[in-house]
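In what follows, a structure is listed as structure tokens, so that the remarks can point back to it.
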Amino acid sequence: MLERSAQREHDVSKNRAPADFTRGRDLLAALDAGDQPPGLDPGHLDTAKLLVTALALRLRRAHPAWFAGEYTALTAEGAAARHAVSFARGGNAVTVVTRLPAGLRRRGGWAGTVLPLPHAGPWRDVLTGASHADSRPLLSDLLQRQPVALLVPETHQ
């Protein structure tokens, strides 16, 4: 048992790379200026984490009342519903996250699964800029570009 624990610690330590703080500052400065940061590749995990965290915190700063309320679970409907976790805050900020992505791939994707939103759209994904007009969008559309989405009413920029 001790051997397995030591191996796991060794495997985890291989995934730790020094943080590039200069690059992080440059990406955040570009976001603050309203620009698409140069060299932003959401496919890189560190960049994706920075993008999600920074944009979510900026949304919270811009609309604190949205985040003061309770969490309201939103339940996806369809064959792949168990692969989505979603909730609303204040009726205006909706978080959607892919759950168990390997199993989702094995089953062939979202298969028409929808997410009923708290009210009619259009909604905008803060992370990608994509607009979603339907109040019951397909999860395959919501999560086409990223495995997470942060939706706000289109009227609130």
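What length, rounded to one decimal in nm, is gained on full extension from Leu28 through to Tyr71, with 0.36 nm per residue of separation minus their alpha-carbon distance?
12.7 nm
Would you mind pulling out the separation of the Cα centroids of region 122-147 and region 70-99, in Å?
13 Å
Where Lys and Arg each count +1 and Asp and Glu each count -1, what net charge lies around Leu117 among other residues with Cβ under 14 Å from its Cβ?
Local net charge: -2.
Every read-out reported here was derived from the displayed coordinates using simple, explicitly stated rules and does not represent laboratory data. Worth saying up front: this structure is predicted, and the values here are computed from it rather than measured. Neighbour counts are summed over all protein chains in view; Cβ atoms, including those assigned to glycine, are modelled from backbone coordinates with ideal geometry.
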